[in-house]
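All remarks here apply to the structure that follows.
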Amino acid sequence: TVYDAKTNSRCYCNFEVEQVIAKKTANRLYDSKTFRSSTDNSANIIEFKKTSLQEALSPAIKAMQLNGKVEERRCYEEVKDFIRCYYDLREVEKKLLKESGDSFTAYNLK
């Protein structure tokens with residue numbers, strides 16, 4: 001779920017990360033998770049599907065535009081940073097984030 005930091009309100013934009021990352025990246029992340037074969041930092045290997053990311057974030061961008069000026073490029077970069085940081089977390093940390101129900105930025109995950 002994407003939140004507007006200015007208003008701390010939910011933008012009702014939900015999507016699965018697999019929708020916005022390249023298939024090659026998804027396969028590599030799956031293999032590294034399943035077989036623990038990769039020691040690479042996932043932030044270095046994540047490739048995004050630009051069009052899919054724009055489509056997924058479109059409702060959030062529109063909602064935030066109602067509350068004032070929005071820098072679309074910055075929004076996309078912040079979501080990408082969050083996804084990169086999220087994939088570097090251990091599974092137990094991801095579970096805690098999900099169960100907390102709180103909103104987090106990429107900075108909070110570093």
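The values are calculated or read from the model by the stated rules, or taken from the named source; none is laboratory data. As the structure is a computational prediction, the values presented were derived from the model and not from experiment. In this analysis, Cβ positions are derived from the backbone assuming ideal geometry, glycine residues included, and neighbour counts consider all displayed protein chains. SASA here: full protein model, heavy atoms, side chains in, ligands and nucleic acids out. Shrake-Rupley method; radii C 1.70, N 1.55, O 1.52, S 1.80 Å.
Structure above, values below:
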| quantity | calculated |
| --- | --- |
| In the range 68-77, the residues that are open to solvent by less than 90 Å² (accessible area, probe 1.4 Å) and modelled with pLDDT under 85 | 68, 70, 72, 75 |
| Selection count where residues are within 15 Å of the chain's Cα centre (by Cα), of a type in the set (S, T, N, Q) and outside any loop (DSSP other than H, G, I, E, B), scope the range 88-105 | 0 |
| Residue satisfying condition, being at pLDDT below 85, under 21 Å from residue 106 (Cα atoms) and open to solvent by less than 30 Å² (accessible area, probe 1.4 Å), within set 43, 56, 22, 60 | 60 |
| Residues within the range 85-102 that are in contact (Cβ under 8 Å) with a residue 24 or more places away in the chain and either among the hydrophobic types (A, V, I, L, M, F, W, C) or under 16 Å from residue 19 (Cβ atoms) (or both), tallied | 3 |
